[in-house]
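Asks: Pasting in a structure now, in structure tokens, and then I'll have a few things to ask.
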Amino acid sequence: MGGGTKIWHFSHIMGGSRIGKDCNIGQNVVVSPGVVLGDGCKVQNNVSIYTGVVCEDGVFLGPSCVFTNVINPRAFIERKSEYRKTTLKKGASVGANATIVCGHDVGRYAFVGAGSVVTKDVPDYALVYGCPAEARGWVCVCGEQLQFSERKAVCPACGRAYQMSERDDTVKESD
């Protein structure tokens, strides 16, 4: 566990997990073996982070969001050898009560809306919500929604500039 990390009441951090510096882990959180939390992550109350989940630096996990790690669980069949990896990339945010189905990654600075169910990979900077979660827009590093015109956007809050690819509609910060 990294320096400056705070862990609140009734949380369980299991052996073999790795937690970076300056993280904040709310109450009633479970961090399973093999989980990686990068520096500066915030995990709100009532989140269980299961084996196979990797959160890069600056990831936000909202209250009671849910992860899975087996695609077809049965109580009477052990499937630990079938855990699927899920990566939340740098700066990603997951809203309250959202579910991330295992084997799907959440891109850099992407935003998953509250109550959503993620059943496929989420691109960098994407705003997704719904059940199943669908791309509904794009967000800045600072979290503000972006408005594109002619494949370009400038964040009204912080001034960062973005460019949308003509090839595959992905978004990246402009140079």
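The values are calculated or read from the model by the stated rules, or taken from the named source; none is laboratory data. These figures come from a predicted structure and were not determined experimentally. As a convention, Cβ positions derive from the backbone with ideal geometry for all residues, glycine included, and neighbour counts pool all protein chains shown. Side chains are part of the model used for accessible areas, which takes the heavy atoms of the whole protein and leaves out ligands, DNA and RNA. Shrake-Rupley method; radii C 1.70, N 1.55, O 1.52, S 1.80 Å.
Asks: Calculate one ³J(HN,Hα) per residue across the stretch 7-12 by plugging θ = phi - 60° into the Karplus curve 6.51 cos²θ - 1.76 cosθ + 1.60, and present them in order as whole Hz with x for glycine and proline.
Replies: Couplings: 10, 8, 4, 6, 9, 10 Hz.
Asks: Share of antiparallel DSSP beta bridges in the chain, in percent to the nearest 5?
Replies: 30
Asks: Taking loop as defined by DSSP and a crowding limit of 14 other beta carbons within 10 Å, which chymotrypsin sites (Phe, Trp or Tyr not before Pro) in the stretch 17-86 fit?
Replies: Answer by residue number: PHE76.
Asks: On to the next question. Any chance you could look up the accessible area of LEU127 with a 1.4 Å probe, heavy atoms only, rounded to 10 Å²?
Replies: 20
Asks: Sticking with this structure for a sec: Averaged per residue, what accessible area in Å² does the stretch 1-69 show with a 1.4 Å probe, protein chains only?
Replies: Per residue, the stretch 1-69 has an accessible area of 47 Å².
Asks: Mind ordering 116-123, 163-170 by average Cβ neighbours within 10 Å, highest first?
Replies: Answer by packing, highest mean first, reads 116-123, 163-170.
Asks: Give the long-range amide H neighbours of GLY2: residues separated by 5 or more places, or on another chain, with amide H under 5 Å away, using H modelled in the peptide plane at 1.01 Å from N.
Replies: Residues meeting the criterion, in which the H sits 1.01 Å from N, are ILE19, GLY20, LYS21.
Asks: Hey, got the Cα dimensions of the stretch 50-131 along the principal axes, in Å, largest first?
Replies: Between the extreme Cα coordinates on each principal axis of the stretch 50-131 lie 38, 23, 20 Å.
Asks: Provide the gained length on full extension for the span SER149 to MET14, in nm with one decimal, where the gain is 0.36 nm per separating residue minus the Cα-Cα distance.
Replies: Stretched out fully, the SER149 to MET14 stretch lengthens by 43.8 nm.
Asks: Give me the percent of the accessible area of the stretch 1-123 that comes from carbon and sulfur atoms, probe 1.4 Å, all protein chains in place.
Replies: 51
Asks: Tell me, what ³J(HN,Hα) does each residue in the stretch 130-137 have, in order and in whole Hz, if you take phi through Karplus 6.51 cos²θ - 1.76 cosθ + 1.60 with θ = phi - 60° and put x for Gly and Pro?
Replies: Karplus-based 3J(HN,Hα) across the stretch 130-137 equals x, 9, x, 5, 10, 5, 10, x Hz.
Asks: What's log10 of I(q)/I(0) for the stretch 38-82 at q = 0.17, 0.21 Å⁻¹, Debye sum over Cα points only, no solvent?
Replies: Debye curve over Cα of the stretch 38-82, log10 I(q)/I(0) at q = 0.17, 0.21 Å⁻¹: -0.58, -0.77.
Asks: As I understand it, the dipole of the stretch 1-118 uses +1 on the Cβ of Lys and Arg and -1 on the Cβ of Asp and Glu, about the Cα centre. Which of VAL59, VAL35, ILE13 lies farthest toward its positive end?
Replies: Most positive-ward Cα: VAL35.
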